[in-house]
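This report concerns only the one structure given below.
The values are calculated or read from the model by the stated rules, or taken from the named source; none is laboratory data. Computed from a predicted model, the values in this text were never measured in an experiment. Neighbour counts are summed over all protein chains in view; Cβ atoms, including those assigned to glycine, are modelled from backbone coordinates with ideal geometry.
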Amino acid sequence: MFRKPKIQTQGVRIRKKVKISKILLYILVAALLVFTVLPMICMVCRAFMPMTELFIYPPRIFVRHPTLQNFVDLLSSLSSSTVPFTRYIFNSLWVTIVTVFLSVVVCSMGAYGMVKHKPVGAATIFTIVIAALSFSGHVTKIPNYMIVSGVGLIDSYAALIVPSIATAYNFFLVKQFCEQLPDSLLEAARIDGAKEFRIFWTIAMPLLKSAWSTLAVFSFVSSWNDSFSPLVYIQTDSMKTLPLALQTMAGGAGVVARSGTVGAATFLTTAPTIIVYTVMKGRVMDTMAYSGIKS
Amino acid sequence: MSSKTTAGAQSSAVMLKPGESKLHHFWRVNKTGWGFLLPFMVLFLTFTVIPVFVAMALSVTDYNMIQVPNFTGLTNYRLLLLEDDVFIIAVQNTLVFACIIGPAGYIMSFGMAWFISLCKRGRGALALAFYAPSLTSGTAMSVIWLVIFAGDRTGYLNHLLIKVGLISDPILWTKDATYILPVIVIISAWMSMGTGFLVFLAGLSNIDPELYEAGRVDGIKNPLQQLFYITLPLMKPQLLFGSINTIVSSLAVFDVATAVAGFPSPNYSAHTIVAHLYDYAFTRFQMGYASAIAMFLFAITFGLSRICMRVFRSET
């Protein structure tokens, strides 16, 4: 360690100190980003690794000779087994898209009605929604299961869709955003004689686009990644969605799967949520700005 | 309430028309709002609100999906808290997870959001790099984590540690009960680090730059002072929302734990409250007992969230 020359002025020393703390900060952030990104890179690489690289010693993180063979194997050769992998993709897509659509419509309608029409009891309902934000869905899983099985929906798409339409989180996001809607616009339409639902659908919904797009993103992510519901509600192999199917494919919990097809399946299970988020990023940020809770 | 809140442009519709009964007026004023809220309320009550009370009621019975439930008082809770050793392990594990993942994730989310908000370029890419793990499925990514933590020499971590010379023989990360908990903490931390991130990022970008300018005039010298005197107090609503989300998610660790360590895990070393709940509810169908577990989870998350609401109370 060198001792600093004494002629240095106070100002320069402070600047030096700031610089060192800045470098430390950059190192910390870089380390954090390596931690978050490395497994993702690893995941992408393994999906494109040929067999020869998957089983190589020493193990490789980066792929040298990328190939699409894993995807070809996954989507074609598995069709000879009982359930083709494309069926799981379809199940996941169908369940997710229907859930997202219904959640957008139901939650936006509710939030709009609460904010812009303020019926008696709206304040109480909002208090309950806020309270519901603070416990996890696991608390209500048993009664939900009893309802779903009581209505005879076990092993159906509806079992995966209906319980996750009206979530407190989604409602809350749109409700906060709804407060920004100008009343004058709605009133103008009302004077023109437009019906209430028409006003909501043609005037409010386009203005609430950021809010419900954000809701759509979160609803997509949670529905697509949901492994708990299919585990509980689905019995037949052909009704499974991707997360559950992937686990079965990988050989069950705790088993290290080293096959190329599992790598490809992991990629196909992970990529959609990231793509959806990346496409909608701007709108998500617009909406989240209003997401604070004032207590 | 109705007359006050729909004031202004709508006031003509709200006033009592001549010859109109009070009841009819009440209906006319509220029907549109209720109409819009109806689909949401039906589903929300059926799958969220009523289930909480049903679970509460079931937790004092011995319901098992087949026989008619009998009222058993607090027996389930007594068994759960005093005699179920596995549950005690599950609570300990869950608390270890939550106490590490929760605060660490919360602080890192905020730190990262703050860092990004100070960056001039590359915000989108940085945000995506940090947030991407939160978008992934726990069961899907556990496939990759199992390769990283594989117990033989070909596991990435074992290979690295052997190469560096820290260990000479590969460690069975996901089989050895002493390592399972730390491994799952790392994976869960990876997955849930972004829980409050977007909320914080949006909140930070929303703060009026003029306030920082005013702060500078008032003698705030460095970014750290700026953070404590201006940014944090203004962000209370976002900090609250983020903290509630963090509490709920960090106490619900389950799918990563079972996907990595198997179910049941060796010596119950990755057993969590939700895993215990799942075990009793959906493999043994002892719904009464499982409901008591659910109520325990409910009480903890709800209680902690209430505390957060006190801490981040915004002065109005």
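Observations on the structure shown:
- Qualifying residues in the stretch B:257-273 (those that are surrounded by fewer than 24 Cβ atoms within 10 Å (Cβ to Cβ) and in contact with a helix residue (DSSP H, G or I) (Cβ under 9 Å, 6 or more places away or on another chain)) - the one nearest to the other protein chains (Cβ to nearest Cβ): B:Phe263
- All positions within the stretch B:282-295 that are in contact with a helix residue (DSSP H, G or I) (Cβ under 7 Å, 6 or more places away or on another chain) and either touching a residue at least 24 places away in the same chain (Cβ under 8 Å) or crowded, with 24+ Cβ neighbours inside 10 Å (or both): B:Gln286, B:Met287, B:Gly288, B:Tyr289, B:Ala290, B:Ser291, B:Ala292, B:Ile293, B:Ala294, B:Met295
- Only listed residue being small (Gly, Ala, Ser) and touching a residue at least 40 places away in the same chain (Cβ under 8 Å), chosen from A:Ser149, A:Ser136, A:Ser210, A:Ser184: A:Ser210
- Test: residue in the stretch A:170-181 that is modelled with pLDDT under 90 and exposed (fewer than 15 other Cβ atoms within 10 Å of the Cβ): yes
- Whichever residue in the stretch B:85-102 is touching a residue at least 12 places away in the same chain (Cβ under 8 Å) and not aliphatic (A, V, I, L, M) and, among such residues, is farthest from A:Leu25 (Cα to Cα): B:Phe87
This table checks each residue for (1) over 30 Å from A:Cys178 (Cα atoms); (2) within 14 Å of another protein chain (Cβ to nearest Cβ).
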| residue | (1), (2) |
| --- | --- |
| A:Met49 | yes, yes |
| A:Ser76 | yes, no |
| A:Phe85 | yes, yes |
| A:Val95 | no, yes |
| A:Val105 | no, yes |
| A:Ser108 | no, yes |
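- B:Thr154, sole failed condition from (1) in a helix (DSSP H, G or I); (2) of a type in the set (Ser, Thr, Tyr); (3) surrounded by fewer than 23 Cβ atoms within 10 Å (Cβ to Cβ): (1)
- In the stretch B:274-316, the residues that are at the interface with another protein chain (Cβ under 9 Å from one of its Cβ atoms), of a type in the set (S, T, N, Q) and more than 21 Å from the chain's Cα centre (by Cα): B:Ser314, B:Thr316
- Set A:Leu102, A:Leu25, A:Leu78: member being under 28 Å from A:Thr241 (Cα atoms), surrounded by 13 or more Cβ atoms within 10 Å (Cβ to Cβ) and modelled with pLDDT under 90: A:Leu78
- Selection from the stretch A:198-218 of residues that are farther than 14 Å from A:Val284 by Cα and not hydrophobic (A, V, I, L, M, F, W, C): A:Arg198, A:Thr202, A:Pro206
- The residue pairs whose first member lies in the stretch A:110-123 and is over 11 Å from B:Leu37 (Cα atoms), whose second member is small (Gly, Ala, Ser), and whose beta carbons are closer than 6 Å, counting only pairs six or more residues apart or on different chains, are A:Val120/B:Ser2.
- Index of the failed condition, A:Lys118 passing every other in (1) of a type in the set (D, E, K, R); (2) within 20 Å of the chain's Cα centre (by Cα); (3) over 25 Å from A:Val217 (Cβ atoms): (2)
- Only one of B:Ala127, B:Ala113 that is crowded, with 18+ Cβ neighbours inside 10 Å, more than 9 Å from chain A (Cβ to nearest Cβ), in contact with a Leu (Cβ under 8 Å, 6 or more places away or on another chain) and not acidic (Asp, Glu): B:Ala113
- Residue in the stretch A:129-139 that is within 22 Å of A:Thr248 (Cβ to Cβ), more than 8 Å from chain B (Cβ to nearest Cβ) and either assigned to a loop (DSSP other than H, G, I, E, B) or within 22 Å of the chain's Cα centre (by Cα) (or both) present: no
- Subset of the stretch A:261-295 that is under 30 Å from B:Leu240 (Cβ atoms) and of a type in the set (Phe, Trp, Tyr) - its residue that is farthest from the other protein chains (Cβ to nearest Cβ): A:Tyr290
- If you go through the stretch B:176-192 and keep only what is modelled with pLDDT under 85 and crowded, with 24+ Cβ neighbours inside 10 Å, you end up with just B:Ser192.
- Every residue from the stretch B:45-83 that is hydroxyl-bearing (Ser, Thr, Tyr), away from chain A (no Cβ under 14 Å) and more than 27 Å from the chain's Cα centre (by Cα): B:Thr72, B:Thr75
- Sole residue being surrounded by fewer than 20 Cβ atoms within 10 Å (Cβ to Cβ) and not aromatic (Phe, Trp, Tyr), chosen from A:Ala264, A:Ala271, A:Ala245, A:Ala250: A:Ala271
- Single residue of the stretch B:182-225 satisfying the filter (over 31 Å from the mean Cα position of the chain (by Cα) and acidic (Asp, Glu)) that is nearest to the other protein chains (Cβ to nearest Cβ): B:Glu210
- Residue tally, condition assigned to a loop (DSSP other than H, G, I, E, B) and within 30 Å of the chain's Cα centre (by Cα), over the stretch B:135-151: 4
- Counted residues, the stretch B:35-89 - those being among the aromatic types (Phe, Trp, Tyr) and surrounded by fewer than 19 Cβ atoms within 10 Å (Cβ to Cβ): 3
- Exactly one residue out of A:Phe172, A:Phe200, A:Phe228, A:Phe220 is within 12 Å of chain B (Cβ to nearest Cβ), in contact with a Phe, Trp or Tyr (Cβ under 6 Å, 6 or more places away or on another chain) and not hydroxyl-bearing (Ser, Thr, Tyr), and it is A:Phe200.
- A:Phe172 vs. criteria closer than 30 Å to B:Gly196 by Cβ and assigned to a loop (DSSP other than H, G, I, E, B): no
- Qualifying positions in the stretch A:148-169 - out of contact with any helix residue (DSSP H, G or I) (no Cβ under 8 Å at 6 or more places or on another chain) and in a loop (DSSP other than H, G, I, E, B): A:Val151, A:Gly152
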